[in-house]
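A.B. asks: Quick one: the structure is below, and I'll ask about it shortly.
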Amino acid sequence: MFQEDFLWGGAIAANQCEGAYLAGGKGLSIADVMPEGIAGPPTSEPTENNLKLVGIDFYHRYKEDLKLFAEMGFKALRMSIAWSRIFPRGDEEEPNEEGLKFYDSVFDECLKYNIEPIVTLSHYETPLYLAQKYNGFLSRETIDYFVHYAETVFERYKGKVKYWLTFNEINSILEEPLLSGGIWKKDVSISERVQAVHHELVASAMTVRAGHRISTQNRIGCMVLALPVYPYTSNPDDVMEAMNIDHKNYLFTDVQVRGEYPYYFKRWCEEREIQLKVQSEDMQILLNHTVDFISFSYYMSICASKSVKADGKGNLVSGLLNPYLKSSQWGWQIDPKGLRYALNQMYDRYQKPLLIAENGLGAKDELVMGKDGVPTVEDDYRIDYLREHLRQVEEAIQDGVVVIGYTAWGCIDLVSASTSQLSKRYGFIYVDRNDDGSGSLMRYKKKSFEWYKEVIAANGRNLH
């Protein structure tokens with residue numbers, strides 16, 4: 001059974017929904033020059049085909065959207081701050097006041113409806129200037145710029161925001177160094193990626209330290225991409241391959257939760273001839289400033305084999321297709337029980353409260369005329385997907401796992417991070433905008449809107 005104060009809600013990211021990419025003194029971010037998401041190279045400057053430049057115009061329509069979230073009964077909204085709205089280049093001493101005021105207004109509107117903001121500090125939104133001049137977190141200087149930004153917003157929103165996340169899907173930096181680490185250069189070596197990992201982990205720990213110093217009310221978590229790995233066969237080689245992939249993902253939570261690099265990391269670096277550059281105080285900072293809770297995204301599981309080549313698609317990473325599972329329209333395998341498995345794995349390892357910060361189904365929705373004469377989407381497939389996943393969350397809670405909340409990804413349609421499409425829709429609310437940029441930006445409730453509203457009102461008791 002879900003606890004009475006369970007944080008039901010949804011999740012969005014600034015670069016995928018806000019638009020207004022130069023409004024209010026905002027500087028450019030890496031998202032503004034990635035018109036194809038991770039599918040294509042960045043451009044030298046923003047181009048018209050980048051849907052994120054307008055997004056769904058949340059910047060001008062947030063009151064309308066938050067009212068709809070409140071109507072669904074949201075207890076929480078996981079969102080991000082666009083770093084370059086606060087520090088347009090990323091390395092300024094003084095923040096952009098207009099950017100700060102914008103988020104003041106958003107948080108005030110959330111609190112008016114008793115919606116708890118859960119704020120991600122870096123959600124694939126590194127300021128472009130930091131990426132181009134410093135190669136993002138490949139440079140140690142970026143740590144100080146990030147911590148200064150974090151301290152600024154901690155001070156500004158003290159009393160308004162209690163829950164914070166440092167880096168979105170921090171473990172994705174090994175696959176996507178520009179998206180996740182702000183590294184502008186091409187052909188980033190594995191040694192450089194691991195060095196950037198270390199800088200992000202130190203930045204995260206220093207941010208935890210700052211957040212706890214500024215307010216004892218702050219609860220600061222990490223955020224990782226959860227990817228349960230099953231051996232493709234019972235061949236011991238496949239079992240070991242699955243273990244090795246698990247280790248690569250657990251590296252990030254091991255450091256952020258336990259405060260030290262895990263035992264297996266040394267050999268992993270030695271085999272790749274990686275010489276990590278560590279300053280004398282780094283290890284003490286990591287040890288003394290661990291996170292209060294763990295959040296994660298969950299979309300799919302994968303299979304691993306030592307001898308068979310990966311043939312599946314996924315959220316930044318991929319693996320072998322599981323013959324026992326169906327796939328979404330984008331080839332992501334649907335595995336509700338994998339969510340229960342992931343929750344148990346993490347809680348068994350860390351005994352820290354868990355937040356499911358992202359989960360949902362990307363699908364091509366068809367807008368049709370409803371019985372009341374208002375356009376809607378008959379998205380029973382989304383309802384089925386979410387119901388089955390939430391049932392497995394409840395099973396995990398009955399297993400004894402402490403789960404504090406569930407924020408469905410893309411609770412209102414937004415621009416996809418991986419493909420930069422709007423046709424890959426996740427929301428309970430349809431936004432009239434298309435992949436070619438056309439559309440009215442009108443909002444329409446999908447069938448899943450009322451379903452999720454009922455789930456929240458019943459605190460999950462109607463899932464069976």
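A.B. asks: With the structure loaded, tell me whether LYS306 is surrounded by fewer than 16 Cβ atoms within 10 Å (Cβ to Cβ) and more than 21 Å from VAL224 (Cβ to Cβ) or whether it fails that test.
C.D. replies: Against the criterion (surrounded by fewer than 16 Cβ atoms within 10 Å (Cβ to Cβ) and more than 21 Å from VAL224 (Cβ to Cβ)), LYS306 does not qualify.
A.B. asks: Any residue at all in region 98-111 that is outside any helix (DSSP H, G or I) and either among the aliphatic types (A, V, I, L, M) or touching a residue at least 12 places away in the same chain (Cβ under 8 Å) (or both)?
C.D. replies: no
Residue-by-condition table, conditions (1) modelled with pLDDT under 95; (2) out of contact with any strand residue (DSSP E or B) (no Cβ under 7 Å at 6 or more places or on another chain); (3) assigned to a helix (DSSP H, G or I):
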{"site": "ILE118", "(1), (2), (3)": "no, no, no"}
{"site": "GLU125", "(1), (2), (3)": "no, no, no"}
{"site": "TYR145", "(1), (2), (3)": "no, yes, yes"}
{"site": "ILE183", "(1), (2), (3)": "no, yes, no"}
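A.B. asks: Another one. Which one of the conditions (1) part of a loop (DSSP other than H, G, I, E, B); (2) within 18 Å of LEU178 (Cα to Cα) does PHE2 fail to meet, given that it meets all the rest?
C.D. replies: (2)
A.B. asks: Do the conditions hold for GLY360, that is, is it outside any helix (DSSP H, G or I) and either surrounded by fewer than 17 Cβ atoms within 10 Å (Cβ to Cβ) or in contact with a His (Cβ under 8 Å, 6 or more places away or on another chain) (or both)?
C.D. replies: No: the conditions fail for GLY360.
The values are calculated or read from the model by the stated rules, or taken from the named source; none is laboratory data. Just so it is clear, the structure is predicted and the values come from calculations on it, not from any experiment. Positions of Cβ are backbone-derived with ideal geometry, glycine not excepted, and every protein chain shown enters the neighbour counts.
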